[in-house]
1. Show me the helices (runs of 4 or more DSSP H) entirely contained within the range 47-139 in which 1 or more residues are over 24 Å from L26 (Cα atoms) and either among the small types (G, A, S) or free of Cβ contacts under 8 Å to residues at least 40 places away in the same chain (or both).
2. Please enumerate the residues belonging to the range 62-73 that are touching a Lys or Arg at 6+ places or on another chain (Cβ under 8 Å) and either open to solvent by less than 10 Å² (accessible area, probe 1.4 Å) or at pLDDT below 90 (or both).
3. Of the residues in the range 32-73, how many are among the hydrophobic types (A, V, I, L, M, F, W, C) and either more than 13 Å from the chain's Cα centre (by Cα) or more than 16 Å from L90 (Cα to Cα) (or both)?
4. Out of the residues in the range 12-46 that are modelled with pLDDT of 75 or more and part of a loop (DSSP other than H, G, I, E, B), which is surrounded by the most Cβ atoms within 10 Å (Cβ to Cβ)?
Amino acid sequence: VEQVHTKGEELLAMIDGGDDAARDELARDPGQLIVEKVDEKSARRLQQLVRGGEPEVRLLATRALGRSGKLDYVPSLLYALTDPDRRVVLESREGLKFISRDFNGFGPPDDFTEEQRFAAVDAWKKWYLALRPNAILEK
């Protein structure tokens, strides 16, 4: 698979520019996408996209934040664990595993049930709050 290396602002330009074919191609296999640098402005926009928009856009935004390796984006990834699109949920899980450096992680499994999903959300929240006890997370 050919990988697409991009910066956060370039990814946003592709998303916002209406390049639906390129966006949809990356969404079919988000493993192709390597986001090398996410600046503060791009990160804020990606965090907004995780919370709204088309499923493909949410998937790519989740991938970009998850591969950043930054704890600051964990709340957005926790939110993405509740997404109605299973692909976004699984991408969020992979991002959390990457950031935590725990490649077994807390789940959910690929073929998760709603109970497994919410158990994973709770486990990831506990992990994050152990690192950042003063963090405020959505209920």
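1. 86-100, 114-131
2. Across the range 62-73, there are no qualifying residues.
3. So the count comes out to 7.
4. V38
The values are calculated or read from the model by the stated rules, or taken from the named source; none is laboratory data. Here the structure is a predicted model, which means the values were calculated and not measured. Don't worry about glycine lacking a Cβ; one is built from the backbone with ideal geometry, like all the others, and counts go over all protein chains shown. Note: accessible area is taken over every heavy atom of the protein model, side chains too, but ligands, DNA and RNA are not part of it. Shrake-Rupley method; radii C 1.70, N 1.55, O 1.52, S 1.80 Å.
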